[in-house]
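Read-outs throughout are calculated quantities, based only on the coordinates presented, and are distinct from any laboratory measurement. The shown structure was predicted, so the numbers you read here are calculated from the model rather than taken from an experiment. Here Cβ is always computed from backbone atoms with ideal geometry, including for glycine, and neighbour counts include all displayed protein chains.
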Amino acid sequence: MKRVAVVRFPGSNCDDDSLQSARRAGAEAYYVWHRETDLQRADAVILPGGFSYGDYLRSGAIARFSPVMASVQRFAQAGGPVLGICNGFQILCEAGMLPGALMRNSRLSFVSRPVALRVEQTDTAFTNLYSRGDLLRMPVAHGEGRYAADAETLRRLEGEGRIVVRYVGLDGGPLAETINGSLDEIAGIASPDGNVVGLMPHPDRAADTALGNTDGLKFFTSVLDWAPARAGAGAG
Amino acid sequence: MTNFKVHVRVVPRAGLLDPQGQAVEHALTALGFRHAGGVRIGKAIELQVEAETADAARLQARAMCDKLLANPVTEDYLVEVERG
């Protein structure tokens, strides 16, 4: 059975959602406290949502120096799959494991509601069971989710097919108004090898039939059989 | 070694949307401060360091900014050092 480590930081609050989602997907999921450095033979790592360190200084800025993060970075460099959800995505950007940054929402308000996403890239550890163009509904809950990157980074993300999900209107058409002001309505991106994925929306809150929505479950099932296909991936 | 007081100012990079600055600018205009503009909102961080010289203290502070205090993707910073 595949082993999925869910990292807990002080202030994580979607750690249980991630753990339960991974279990429902069929993984053996367990917690790793942020001060630990042993990922306990993980096959995949999840950095869950929440407000690590109270979002002090910047979201994810302090958590990214937690002892566990050196292990997570080594794991990812060796090709290991790492999923960052919401605060986890912010931590991945702060750590330089994904490019760009997540800034204060353009309309300043905390946005907490269901949104629609279009799957743009399926050649990743966490989206390979979706089809390109799939429309997914899942909630967002963030105050700092406005994806920002310089023009060169955006060109690279586009050119290398590393934009994983975008915000779209609930019917799949254009948004009537922006969710958070993200550059090109980017909701999630991937590393060049597709093993590291970060997104602001919460697949972990859309992976349980009891909640009436399982659109996010494939993020957790995709990784169980994932074998890196791209050159250079899967070094260990 | 001397004690130095370090003032760090972190500001959103010019050209990047600063919705907080915009909101405050609108509020200032509404209050009648019609000649106010270009509002940017950042952070002020004060700290003390021990160093041989002011230049050495400044180097330490810049390293702190590069590593933690500022986000190189979205923010710029200014460092001022005085004898503490």
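Quick notes on this structure:
- Listed values for segment A:25-34 are Karplus-derived 3J(HN,Hα) couplings in whole Hz (6.51 cos²θ - 1.76 cosθ + 1.60, θ = phi - 60°), namely 6, x, 8, 8, 10, 8, 8, 10, 5, 5, and x replaces Gly and Pro.
- C-alpha long axis of helix B:54-64 to longest principal axis of chain B, angle in °: 60 degrees
- Less than 5 angstrom separates the built amide H of residue A:116 from those of A:168, all sequence-distant by 5 or more or on a different chain.
- Whether chain A is rounded, prolate or oblate, judged on the alpha carbon gyration tensor where a/c under 1.5 counts as rounded: rounded
- Considering only A:101, A:77, A:13, the residue lying farthest towards the positive end of the dipole of the protein assembly as shown is A:13, judged by Cα position with unit charges set on Cβ.
- Taken about its Cα centre, segment B:2-83 carries a charge dipole of roughly 200 debye when the Cβ of each Lys and Arg holds +1 and the Cβ of each Asp and Glu holds -1.
- Relative packing of A:25-38, A:185-198, A:208-221, B:38-51, which averages over residues the other C-beta atoms within 10 Å, highest first: A:185-198, A:208-221, A:25-38, B:38-51
- Near residue B:2, the amide H atoms lying under 5 Å from its own belong to B:51, B:52; only residues 5 or more places off or on other chains count, and H is placed 1.01 Å from N.
- About the centre of its Cα atoms, the protein assembly as shown shows a dipole size close to 140 debye [charges on the beta carbon of Lys, Arg (+1) and Asp, Glu (-1) only; nearest 20 debye].
- Backbone amide hydrogens, once placed in the peptide plane, bring residue A:84 within less than 5 Å of A:47, A:197, A:198, A:199, excluding anything fewer than 5 places away on its chain.
- Averaging Cα coordinates gives a centre for segment B:1-23 and one for segment A:40-62; these two points are 25 Å apart.
- Max mean-square fluctuation residue, GNM over chain A, Cα-Cα springs under 10 Å, options A:90, A:121, A:77: A:77
- Centroid-to-centroid separation of segment A:124-169 and segment A:77-104 [C-alpha atoms, Å]: 13 Å
- Here segment A:1-124 is assigned +1 on the Cβ of each Lys and Arg and -1 on the Cβ of each Asp and Glu. Its dipole about the Cα centre then comes out at about 180 debye.
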